[in-house]
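The values are calculated or read from the model by the stated rules, or taken from the named source; none is laboratory data. The shown structure was predicted, so the numbers you read here are calculated from the model rather than taken from an experiment. Cβ placement follows ideal geometry from the backbone for every residue including glycine, while neighbour counts extend to all protein chains displayed.
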Amino acid sequence: MKLFNNIKKYCGAALLIGAAAAVTLNSCSEKIDESDLYTFTGEMMIDHFENNPETFSSYLTILGKVHPSKRSSSTMKELLAARGHYTCFAPTNEAIQFYLDSLYSIGQLTSNQLDQISDSVAEAIVFNSIVQNGENEAYATTDFEEGALGTTNMNDRYIDISYGVDSLNNTIIYVNVHSQIIDGDIEVENGFIHTIDKVLSPSNVSVADLVINAENTKFFGSLLQLTGWDVKLQAYKDEVWEEKYDDIRGAPYTHGSWNGMYPNHRYLGYTVFVETDSVFAQHGITDVESLKNWLRENAYYNDDTSGHTEPSYGDDYDSEDNAVNQFVSYHLLPERLTFDKLVTFANEYGCSAGMMSSRTATQFYVNVWEYWETMGKQRRSVKVTGIRGEKRINRVSVYNLTTYRERTSEITIPGIKINANNGSYNNQALNGYYYPIDDILVWNQDVPTKVLNERMRYDVTSLFPELLTNGIRQNRNRDECGDGYWYFTTDYIDNVVAMSNETEFIYLPNQGYSGASGSWMNYQIDEFNIQGIFDFTMKLPPVPYTGTYELRYGINANNNRGMAQVYVGTNKDNLPAIGIPLDLRSSSGTNPTATGWVSDTSLGDDDAINENDKAMRNLGFMKGPKYVQLASSTNRDEQNALRKIIYTGQFEAGKTYYIRFKSVLAGTNYEFFYDYLELVPKSIYAGDEAEDKW
């Protein structure tokens with residue numbers, strides 16, 4: 001990738017380290033546009049603060065000290081006097097003084113006087129309190145859901161929402177656990193103000209430290225320390241990458257007519273599922289010996305993924321072969337996931353993109369799910385399912401094949417419920433989240449043979465932890481730079497193990513849910529559109545058990561697309577070619593003559609439809625999944641939305657496989673569409689019952 005071509009201007013980023021928080025600000029604007037200053041008849045945010053000095057005079061003073069970025073000559077007062085969409089969690093005068101007194105009492109300030117605080121403390125107070133919503137409307141309390149707001153604050157941290165009740169049974173809204181909204185939904189011309197009684201000060205410790213220090217997760221915290229995973233969960237930011245690309249990170253970039261930007265940071269993060277002490281006690285587990293005995297008695301962690309090697313039950317807890325170490329690692333994900341991103345609510349059947357403009361559309365019509373690879377050398381996965389507002393790990397149920405809703409009488413494994421927060425304990429760390437769960441999470445025989453013995457469909461974005469940790473997935477930054485697309489340096493994504501300099505790796509989110517977005521054929525309404533004379537290799541997700549699988553590639557064909565030779569194998573440096581090149585042009589490689597596609601409506605009855613499915617499979621194709629909803633149809637109804645059976649063969653559990661795509665066309669502007677993959681065991685595609693059409 002030619003990293004320095006077409007950079008239009010630098011998007012500033014300041015690393016501001018304060019007494020209470022490491023503050024990082026992303027901004028593409030170096031100066032507030034004076035033409036955008038207050039021209040409305042109603043109040044702007046700053047007007048409200050100025051008109052209510054008895055509540056906000058201290059906050060107003062601090063806003064006047066802080067600049068939006070290190071390159072900006074304007075102050076935050078000017079920013080909040082301009083047009084835009086801002087959500088501000090504004091602390092009262094008393095809240096700010098209490099915060100300064102607290103820092104002074106522990107020696108982090110030399111004075112608790114407002115006019116003597118350092119720039120870093122002022123920046124921490126301001127940047128943690130403001131969300132720039134960009135093109136989207138600011139958050140009202142009616143938009144809140146339990147868990148994190150979808151957009152980070154100006155400190156690149158998520159703001160968490162939780163609920164309680166007072167003595168009169170009135171609902172209380174808490175922000176970041178400890179701050180209470182005492183006057184919400186103050187609507188001004190440029191957003192919403194929510195007055196809070198404590199300064200927002202997110203934790204600056206690691207996710208492991210949060211677990212260790214919470215009073216109700218002491219045992220799991222001790223296991224993190226015992227196995228050494230607490231040390232492995234300390235990383236926060238890739239400083240080497242930040243320094244290497246300091247000239248271009250956060251900068252706009254254009255390839256042809258495609259406008260986007262590079263990420264401003266390469267944060268590292270983690271998600272931890274944690275049993276509380278009371279959950280362990282319910283199973284008679286109170287110390288490491290009782291845990292080891294329980295694991296041994298139930299023969300957990302002894303299967304294909306470990307080569308049927310019995311785990312070690314000794315005291316070598318740092319070893320990833322140790323049973324306790326394997327137990328802990330199966331709770332760990334190598335990406336920072338907010339609660340709403342544990343599964344992605346997008347365009348599943350019954351809810352097209354055009355229906356989802358409301359932030360509170362949380363009632364799933366059908367189940368949604370994600371498969372996440374856990375940490376540890378064994379390469380295991382958890383399945384997280386979202387249904388009726390809940391999220392559960394490793395759930396198994398039977399579906400009505402007409403509506404694709406769960407048959408409630410046939411939920412064979414309910415799964416383990418994930419809680420969005422840990423009550424009065426903060427569960428958002430500097431580098432991730434932990435989520436309490438209501439039963440003990442283990443890798444037992446049911447997981448590979450029942451939970452994961454199914455068609456596993458992966459949105460490609462979900463396979464790249466960096467995009468999730470850095471808030472890029474489904475984040476359209478059109479308001480900041482270009483058209484809202486994202487470009488990446490060749491070394492940004494770890495699971496892309498090789499990428500040529502001629503590869504333009506472009507991520508296209510579609511978070512607007514408006515206009516033509518209802519016709520996007522993509523799974524979960526996003527895609528990679530890879531251009532240039534591309535050549536890249538990526539790591540495939542793991543299989544749950546050794547056996548024969550189909551590897552499928554999701555197609556969205558049109559005549560702007562290109563062709564690629566596909567390679568699959570275990571040696572990333574010498575992968576064998578698979579079949580003939582994959583042609584994504586609808587006028588040639590994916591037209592009905594080549595694929596055998598005939599619409600279900602034309603075919604009429606089930607017998608004819610099933611025969612056509614078989615004929616397409618003989619040509620190496622399948623219709624798109626009925627599960628993906630368009631504005632007025634599904635992917636199965638679209639002749640350009642297909643699945644290509646890339647490879648059929650043996651996959652071994654615990655082994656790492658790779659896939660490579662190499663352009664076979666000479667032009668640089670052909671588009672290679674990359675949206676989703678499917679890994680499907682033979683028990684599904686050639687089982688006693690035909691695979692469903694979803």
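Taking the condition of being under 19 Å from the mean Cα position of the chain (by Cα) and either among the hydroxyl-bearing types (Ser, Thr, Tyr) or buried (at least 20 other Cβ atoms within 10 Å of the Cβ) (or both), how many residues in the range 134-148 meet it? Going through the range 134-148 one residue at a time, the tally reaches 3.
Which of the residues spanning the range 605-631 are over 20 Å from Asp675 (Cβ atoms) and among the small types (Gly, Ala, Ser)? Result: Ala608, Ala615.
A residue that is of a type in the set (D, E, K, R), assigned to a loop (DSSP other than H, G, I, E, B), out of contact with any His (no Cβ under 7 Å at 6 or more places or on another chain) and touching a residue at least 12 places away in the same chain (Cβ under 8 Å) can be found somewhere in the range 584-596. Does Ile440 meet the test of being part of a loop (DSSP other than H, G, I, E, B), aliphatic (A, V, I, L, M), more than 26 Å from Tyr676 (Cβ to Cβ) and at pLDDT 95 or above? For Ile440, the condition - part of a loop (DSSP other than H, G, I, E, B), aliphatic (A, V, I, L, M), more than 26 Å from Tyr676 (Cβ to Cβ) and at pLDDT 95 or above - is met. Out of Gly589, Gly569, Gly620, Gly579, one residue alone is modelled with pLDDT under 90 and either within 27 Å of Tyr658 (Cβ to Cβ) or not assigned by TED's automatic domain parsing to the domain that holds Tyr523 (or both). It is Gly589.
Applying the condition of being more than 30 Å from Tyr404 (Cβ to Cβ) and among the hydroxyl-bearing types (Ser, Thr, Tyr) to the range 319-351 and asking which residue is surrounded by the fewest Cβ atoms within 10 Å (Cβ to Cβ) yields Ser319.
Can Ser111 be described as within 30 Å of Phe144 (Cβ to Cβ), without any contact (Cβ under 8 Å) to a residue 12 or more places away in the chain and surrounded by fewer than 21 Cβ atoms within 10 Å (Cβ to Cβ)? Considered against the rule, which asks whether it is within 30 Å of Phe144 (Cβ to Cβ), without any contact (Cβ under 8 Å) to a residue 12 or more places away in the chain and surrounded by fewer than 21 Cβ atoms within 10 Å (Cβ to Cβ), Ser111 comes out as no. In the set Val126, Val121, only one residue is over 28 Å from the mean Cα position of the chain (by Cα) and in a helix (DSSP H, G or I); that residue is Val121. For the range 429-436, does any single residue satisfy the condition of being assigned to a loop (DSSP other than H, G, I, E, B) and either at pLDDT 95 or above or of a type in the set (Gly, Ala, Ser) (or both)? For the range 429-436, residues assigned to a loop (DSSP other than H, G, I, E, B) and either at pLDDT 95 or above or of a type in the set (Gly, Ala, Ser) (or both): present.
Is it true that some residue in the range 285-295 is out of contact with any Leu (no Cβ under 7 Å at 6 or more places or on another chain), under 22 Å from Glu373 (Cβ atoms) and modelled with pLDDT of 95 or more? Yes, the range 285-295 contains a residue that is out of contact with any Leu (no Cβ under 7 Å at 6 or more places or on another chain), under 22 Å from Glu373 (Cβ atoms) and modelled with pLDDT of 95 or more.
To keep it simple, each residue is scored yes or no on (1) acidic (Asp, Glu); (2) closer than 30 Å to His308 by Cα.
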| site | (1), (2) |
| --- | --- |
| Trp229 | no, yes |
| Leu233 | no, yes |
| Ser257 | no, no |
| Asp277 | yes, no |
| Thr286 | no, yes |
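Looking at (1) surrounded by fewer than 22 Cβ atoms within 10 Å (Cβ to Cβ); (2) at pLDDT 95 or above, which is the one condition that is false for Phe127? The failed condition is (1). When Lys198 is tested against (1) touching a residue at least 24 places away in the same chain (Cβ under 8 Å); (2) out of contact with any Cys (no Cβ under 7 Å at 6 or more places or on another chain); (3) outside any loop (DSSP other than H, G, I, E, B), only condition (3) is not met. Reported count of residues in the range 656-675, each being modelled with pLDDT of 95 or more, part of a loop (DSSP other than H, G, I, E, B) and not β-branched (Val, Ile, Thr), is 2.
Listed conditions (1) of a type in the set (S, T, N, Q); (2) in contact (Cβ under 8 Å) with a residue 12 or more places away in the chain; (3) surrounded by fewer than 23 Cβ atoms within 10 Å (Cβ to Cβ); (4) at positive phi are all met by Asn176, apart from (3).
Against the numbered list (1) in contact with a Pro (Cβ under 8 Å, 6 or more places away or on another chain); (2) part of a strand (DSSP E or B), Arg636 comes up short only at (2). For the range 676-694, enumerate the residues that are within 20 Å of Gly579 (Cβ to Cβ) and either assigned to a loop (DSSP other than H, G, I, E, B) or of a type in the set (A, V, I, L, M, F, W, C) (or both). Within the range 676-694, Leu677, Leu679, Val680, Ala686 meet the criteria.
Taking the criterion of being more than 18 Å from Lys539 (Cβ to Cβ), within 25 Å of the chain's Cα centre (by Cα) and not hydrophobic (A, V, I, L, M, F, W, C), the residues of the range 635-694 that qualify are Asn635, Arg643, Glu671.
When Tyr139 is tested against (1) part of a strand (DSSP E or B); (2) within 16 Å of Gly471 (Cβ to Cβ), only condition (1) is not met. The condition of being assigned by TED's automatic domain parsing to the domain that holds Asn495 and closer than 30 Å to His308 by Cβ holds for only one of Ala631, Ala666, Ala594, Ala653, that being Ala653. Whether any residue in the range 180-189 is surrounded by 23 or more Cβ atoms within 10 Å (Cβ to Cβ), within 24 Å of Ala95 (Cβ to Cβ) and in the same structural domain as Ser58 (by TED's automatic domain parsing) is what I want to check. Scanning the range 180-189, I find no residue that is surrounded by 23 or more Cβ atoms within 10 Å (Cβ to Cβ), within 24 Å of Ala95 (Cβ to Cβ) and in the same structural domain as Ser58 (by TED's automatic domain parsing), so the answer is no.
Residues that are of a type in the set (Ser, Thr, Tyr) and over 30 Å from Asn322 (Cα atoms) do occur in the range 240-251, at least one of them.
Just to be sure before I move on: is Ser167 surrounded by fewer than 19 Cβ atoms within 10 Å (Cβ to Cβ) and modelled with pLDDT under 95 in the structure I sent? Criteria met by Ser167. Only strands (runs of 3 or more DSSP E) whose full extent lies in the range 201-291 are considered here, and the ones with at least 3 residues that are among the β-branched types (Val, Ile, Thr) and touching a residue at least 24 places away in the same chain (Cβ under 8 Å) are 270-275. Could you look through the range 77-123, keep only residues that are of a type in the set (Gly, Ala, Ser) and within 21 Å of Met44 (Cα to Cα), and pick out the one that is modelled with the highest pLDDT? Of everything passing the filter in the range 77-123, Ala90 is modelled with the highest pLDDT.
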